[in-house]
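For reference, the structure is listed below as structure tokens.
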Amino acid sequence: MELLVRYRTLFSVSLLLLLRAGISLEQDVGALSLSPLPFIVLHGIGDACRNEGLARFTQVLMVMTGADGYCIEIGDGMSDSFFMRLDKQADIVCEQVKSIKALQNGYNMVGLSQGNVIGRAVIEYCEDAPPVNNFVSLGGPHAGIAAVPLCRALILCRLLDAIIIRLGVYSSYVQNNFAPTGFVKIPTDMEGYYRGCLFLPKLNNELPESRNETYKQRLSSINYLALIKFEADAVLYPADTAWFGFFGANDFRKVLPAVETDLYKEDWIGLKTLDEAGRVAFLSVPGGHLAITEAEMQEMVVPYLLPNFQPSHLPGYYY
Ligand SMILES: *[C@@H]1O[C@H](CO)[C@@H](O)[C@H](O)[C@H]1NC(C)=O
């Protein structure tokens, strides 16, 4: 059973490669009658706003939409994205979105990989926050990942792997010190997950005794949720987690689509509410983790960042 996922090849690399491949910044953004809401970008593990790939990604989206974009940094970016607990990372983003004046009338959110669960935590937990309009999620581990993310090449990584394996992914030390273990959900150890995992069970309202209706209300109050899955994703296991799909308990063979999960059926976080109102798009691109082309961005990301987005702008993607 191959349970190991590498995250050493991070999305920033693929973004950089794609965006370097000669994007024209001379896009015609058209005569927009309304000015678009600003958007924020939340990056994933090992990336930083100052990195070229991410700076370029934000810049390209700004040019394509005419909107102001803010890459929100958490601490020093790179290492905090690995080592700071995800709820703490979300607290920092929460403070930032409240302090940036331009966001106070509402904003759109663009998440990359781990940044998506941080973004969702901001939507669900952040008190007195400005409203999130649309949330475009690229390769988000929304339903968890069924493997401990190990990286086998770098010395530092090998050291971390050894610690995680030795202490156990749901040990308090590991949960408090290695951010991505906050969304590791091993289908054959659901008891360990419910008991020890400090981030995702709460975010997804999975624990009956601490389920909080406020999280559901807040998430279902956004306008549109676009979930982009990377069909050849080798970082997220399973790739369908980007669509809230996941393995059933004790089963590593079959990935349940979102609609067959309890999270959806019992509407723990409002996903069903949003979906039944036609406000969720399940989109996919053929590439590997976060490998999105300019054309795909134009088609699947940009519409959500323009004023007055209507799903009819994307015929065929809704079911
Ligand atoms: C649910 O979450 C809200 C917002 O964080 C909080 O104010 C409230 O006390 C929570 N309710 C329960 C029952 O824990």
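The values are calculated or read from the model by the stated rules, or taken from the named source; none is laboratory data. Remember, predicted model here, so these are calculated numbers, not experimental data. Reconstructed Cβ throughout: ideal geometry from the backbone, glycine too, with neighbour counts over all protein chains shown.
Beta carbons closer than 8 Å, at least 6 apart along the sequence or on distinct chains, pair a first residue in the range 262-287 that is among the aromatic types (Phe, Trp, Tyr) with a second that is part of a strand (DSSP E or B) for 282/227; 282/229. The residue that is nearest to residue 86 (Cα to Cα), among those in the range 199-221 that are within 16 Å of the ligand (Cβ to nearest atom) and among the aliphatic types (A, V, I, L, M), is 203.
With respect to being touching a residue at least 60 places away in the same chain (Cβ under 8 Å), over 18 Å from residue 89 (Cα atoms), more than 16 Å from the ligand (Cβ to nearest atom) and not in a strand (DSSP E or B), residue 188 fits the description. Going through 129, 143 one at a time, which residue ends up being surrounded by fewer than 24 Cβ atoms within 10 Å (Cβ to Cβ) and either more than 18 Å from residue 203 (Cα to Cα) or among the hydrophobic types (A, V, I, L, M, F, W, C) (or both)? Sole residue among the options that is surrounded by fewer than 24 Cβ atoms within 10 Å (Cβ to Cβ) and either more than 18 Å from residue 203 (Cα to Cα) or among the hydrophobic types (A, V, I, L, M, F, W, C) (or both): 129. Reported count of residues in the range 129-151, each being farther than 23 Å from residue 188 by Cα, outside any strand (DSSP E or B) and either out of contact with any helix residue (DSSP H, G or I) (no Cβ under 8 Å at 6 or more places or on another chain) or modelled with pLDDT under 75 (or both), is 1. Applying the condition of being without any contact (Cβ under 8 Å) to a residue 60 or more places away in the chain and in a loop (DSSP other than H, G, I, E, B) to the range 101-128 and asking which residue is nearest to the ligand (Cβ to nearest atom) yields 127. Number of residues in the range 232-274 that are aliphatic (A, V, I, L, M), in a loop (DSSP other than H, G, I, E, B) and either out of contact with any Leu (no Cβ under 7 Å at 6 or more places or on another chain) or over 24 Å from residue 218 (Cα atoms) (or both) equals 5. Every test in (1) crowded, with 21+ Cβ neighbours inside 10 Å; (2) closer than 21 Å to residue 276 by Cα is passed by residue 257 save one, and that test is (1). Somewhere in the range 285-294, is a residue assigned to a strand (DSSP E or B) and either more than 17 Å from residue 108 (Cβ to Cβ) or aromatic (Phe, Trp, Tyr) (or both)? Among the residues of the range 285-294, at least one is assigned to a strand (DSSP E or B) and either more than 17 Å from residue 108 (Cβ to Cβ) or aromatic (Phe, Trp, Tyr) (or both), which makes the answer yes. Of all residues in the range 202-212, those that are farther than 13 Å from residue 141 by Cα and in contact with a Phe, Trp or Tyr (Cβ under 8 Å, 6 or more places away or on another chain) total 4.
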